[in-house]
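Encoded as structure tokens, the structure appears first; notes follow it.
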Amino acid sequence: VQLQACGGGLVQAGGSLRLSCTASLGTFSRYSMAWFRQAPGGAREFVAAVRWAGGSSTLYADSVEGRFTISRDNAKNTVYLQMNSLKPEDTAVYYCAAQLYDFGDSEDIYAYWGQGTQVTVSS
């Protein structure tokens, strides 16, 4: 199982980035996918999740609700995180995670993790 995240970078406050995570998971549509982040010196925290199958169910952390959008393309085995109106406090390493069928906002749910991609938002 491999999760490959990309799309991070340096952006000014108010700007946008789109993260992608491509997975080799067998039947991708059977996996719920999530994004977590970890700021320097901080604990890893939940950002967003999309349920397995069609992805009609999503969850967001309060801090990103209305600014970030998670989506999935099962044909491409890829999950996306569109991040708009970025703030300096969004600066972190962003990780994608996957779990067969289960779905939620706890990192304990997710068995598979990618390597992380750095997002830096300057003020």
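When ranked by the protection proxy of mean other Cβ atoms within 10 Å per residue, highest first, what sequence do the peptides 81-87, 31-37 form?
Peptide ranking by packing, descending: 31-37, 81-87.
Where only protein heavy atoms count, and the probe is 1.4 Å, what is the accessible area per residue for the chain in Å²?
Per-residue accessible area for the chain comes out at 48 Å².
Accessible area of the chain with a 1.4 Å probe: how many percent of it is carbon plus sulfur? Display every interim value, and only then the final one.
On the way: 2650 of 5930 Å².
That share works out to 45 percent.
Where does each of 59-70, 7-18, 90-101 land if you order them by average Cβ count within 10 Å, highest first?
Ranking the peptides 59-70, 7-18, 90-101 by packing returns 90-101, 59-70, 7-18.
Please work out the ratio of the alpha-carbon Rg of the chain to 2.2 N^0.38 Å and round it to two decimals.
Here the Cα radius of gyration is 0.97 times the empirical estimate.
Which cysteines does the chain leave without a neighbouring Cys Cβ under 4.7 Å?
Cys6 - these cysteines have no disulfide-compatible partner (Cβ-Cβ under 4.7 Å) in the chain.
The values are calculated or read from the model by the stated rules, or taken from the named source; none is laboratory data. Quantities reported herein were computed from a predicted structural model and do not represent experimental measurements. When we count neighbours, we look across all protein chains shown, and the Cβ atoms used for this are built from the backbone with ideal geometry, even at glycine. Please note that ligands, DNA and RNA were not included when accessible areas were found on the heavy atoms of the full protein model with its side chains. Shrake-Rupley method; radii C 1.70, N 1.55, O 1.52, S 1.80 Å.
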